[in-house]
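Here is the structure we will look at.
The values are calculated or read from the model by the stated rules, or taken from the named source; none is laboratory data. Because the structure is a prediction, the values reported are computed rather than measured. Note that each Cβ is placed from the backbone with ideal geometry, even for glycine, and that neighbours are counted across all protein chains shown. The area values use the complete protein model at the heavy-atom level, side chains included, leaving out ligands, DNA and RNA. Shrake-Rupley method; radii C 1.70, N 1.55, O 1.52, S 1.80 Å.
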Amino acid sequence: IATVNIAGGTITTDKYGVYNVGTVLMTGGTIISNEYGVFNNGDTMLMTGGTIISNDYGVYTIDGTVTISGGSICAERFDLVSDDDGSIVLTLDEGATEGVTFPHGLTVSNITLNEVLGEGTAYWIGDKQITVADDAVELIDGDVTVKAICDHSGNNTPFSDNGDGTHGCVCSVCDKTVSAEHSWLDAT
């Protein structure tokens, strides 16, 4: 069992770009494969950069742990697959505002989009944060990027009374309604 470091160059294969039973650390480079970009069989993969392009599966894990905080994954069939006791987490490096990108959308298998999304992160298409249903397995309406959850600092619509002791507006960055309890000053 070994550690594979991928920091540059290009790997082109018909079946497995990388078949690991050790640790894969991908910080750069490109993997182009007809079947599996990375096949993680019971071990660890950490991806902070680089590109995976596959005609079938981008990252496939069985009983392994995959953490992806950067780079790009583009697969024709499934971008991410987790079988058996495998786990995949899309996260951000400390202080980062943007993580991995999925050109042409994101499709997962044996997991849901929400199951792989790390704490404090959200899916974005362009400059809009996307909320997905609990059972959703694909986002195919554009280039998907994992970024920090919107802090609602955009130019918001004017606040209006919600009629329940709160007021709200729509965030121009993520299109979500932001509400807060009324605070009264001088009876206004």
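Between Val173 and Gly154, the built amide H atoms are under 5 Å apart, and every one of these is 5 or more places off in sequence or on another chain. For the options Thr101, Thr51, Thr27, a Gaussian network treatment of the chain with springs between C-alpha atoms closer than 10 Å singles out Thr27 as fluctuating the most. Sites listed here are trypsin sites (Lys or Arg not before Pro) in the stretch 57-148 whose DSSP assignment is loop and whose Cβ has at most 15 other Cβ atoms within 10 Å: Arg77. With distances taken between every two different alpha-carbon atoms, the stretch 1-69 has a Kirkwood hydrodynamic radius of 11.4 Å.
Annotation: amide H-H contacts under 5 Å for Val4 (H modelled 1.01 Å from N, sequence separation of 5 or more, or interchain): Thr23, Val24, Leu25. Mind grabbing the accessible area of His104 for me, 1.4 Å probe, Å², rounded to tens? Here the accessible area works out near 150 Å².
A straight Cα-to-Cα reach below 17 Å connects Lys176 with the lysines Lys128, Lys147, residues fewer than 8 places away in its own chain not being considered. Residues whose amide H comes within less than 5 Å of that of Thr65, counting only those at least five positions distant or on another chain, are Asp43, Thr44, Met45, Ser87 (H built at 1.01 Å from N in the peptide plane).
When the Cα positions of Val89, Gln129, Thr112 are compared along the charge dipole of the stretch 1-134, Gln129 comes out farthest toward the positive end, with charges on each C-beta of Lys, Arg, Asp and Glu.
Using 0.36 nm per residue, how much length does the chain from Asn162 to Ala7 gain when fully extended, once their Cα-Cα distance is taken away? Show your work: numbers first, answer last.
Working: separation 155, 0.36 × 155 = 55.80 nm, distance 5.25 nm.
Between Asn162 and Ala7, full extension yields an extra 50.6 nm.
An ellipsoid equivalent to the stretch 101-176, defined through the eigenvalues of its Cα gyration tensor, has semi-axes of 28, 14, 10 Å when rounded to whole angstrom and sorted largest first. Largest GNM mean-square fluctuation among Asn41, Asn55, Asn162, using the chain with Cα springs under 10 Å: Asn162. Annotation for Thr27 and Ile149: the two label points, set 7 Å from Cα along the Cα-Cβ direction, are 3.1 nm apart. Normalising the Debye intensity of the chain to I(0), with uniform scatterers on Cα atoms only, and taking log10 at q = 0.16, 0.18 Å⁻¹ returns -0.92, -1.11. Looking at the stretch 56-154, the GluC sites (Glu not before Pro) that sit in a DSSP loop and have at most 15 other Cβ atoms within 10 Å of their own Cβ are Glu76, Glu94, Glu119.
Where does the charge balance sit around Gly126 when Lys and Arg score +1, Asp and Glu -1, over other residues with C-beta under 12 Å from its C-beta?
-2
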